[in-house]
Amino acid sequence: MPQDRITAALDQVLELVVLLGEDMTQSLAREGLTTSRAHLLWELRRGPCTQRALAEALNVSARNITGLVDGLVETGFVVREPHPTDRRATLISFTEHGFAITAAMEEGQQELANLLFADMPARQLTCLTKGLGEVLERLRARLLVEEQKETRV
């Protein structure tokens, strides 16, 4: 395949990343959220969870998760509650406000998906998702190799 087609494909993917990032940042800012705080809320959709589990899910330190949770408690998105079986642990769960905002985020995701893909012919959408899947697989593999190199040094 000619190099200019390969480079043009990457240019389109990078533009897509930038546009999606800008759209997400603006939408979250309207709700008083950062991407990190929204990511934490997204993880809580599975149910109440300990800060340790959230730190692992977000791949951040305990210190970072404490800061994120503190900010979300202060702004009324989540509450801390005693763990029912572990005196040392605290559960993080939604407030009504946090639950409503997260439900609205899910609805917004569906609206965007429909805007971008609903009118696309099924075969074209299948090819797009298959191609993106392959790209993601290659990128994840590359990142894993880079991570392994860093841990050996």
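The values are calculated or read from the model by the stated rules, or taken from the named source; none is laboratory data. Worth saying up front: this structure is predicted, and the values here are computed from it rather than measured. Backbone-built Cβ (ideal geometry, glycine too); neighbour counts: all protein chains shown.
Observations on the structure shown:
- For the stretch 70-100, a residue qualifies if it is out of contact with any helix residue (DSSP H, G or I) (no Cβ under 7 Å at 6 or more places or on another chain) and among the aliphatic types (A, V, I, L, M), and the qualifying residues are Val73, Ala89, Leu91, Ala100.
- Set Thr25, Thr75: member being β-branched (Val, Ile, Thr) and farther than 24 Å from Leu136 by Cα: Thr75
- A single member of Ala53, Ala57 is free of Cβ contacts under 8 Å to residues at least 60 places away in the same chain, small (Gly, Ala, Ser) and over 18 Å from Thr102 (Cα atoms), and it is Ala53.
- Once the stretch 1-49 is narrowed to residues that are loosely packed, with under 15 Cβ neighbours inside 10 Å, in contact (Cβ under 8 Å) with a residue 40 or more places away in the chain and part of a helix (DSSP H, G or I), the residue that is farthest from the chain's Cα centre (by Cα) is Val13.
- Looking only at the stretch 50-67, residues that are among the aliphatic types (A, V, I, L, M), farther than 24 Å from Leu112 by Cβ and under 16 Å from the mean Cα position of the chain (by Cα) come to 5 in all.
- Taken over the stretch 61-80, the residue count meeting the criterion of being hydrophobic (A, V, I, L, M, F, W, C) and free of Cβ contacts under 8 Å to residues at least 24 places away in the same chain is 3.
- Selection count where residues are more than 24 Å from Val78 (Cα to Cα) and either in contact (Cβ under 8 Å) with a residue 12 or more places away in the chain or not assigned by TED's automatic domain parsing to the domain that holds Arg46 (or both), scope the stretch 94-115: 1
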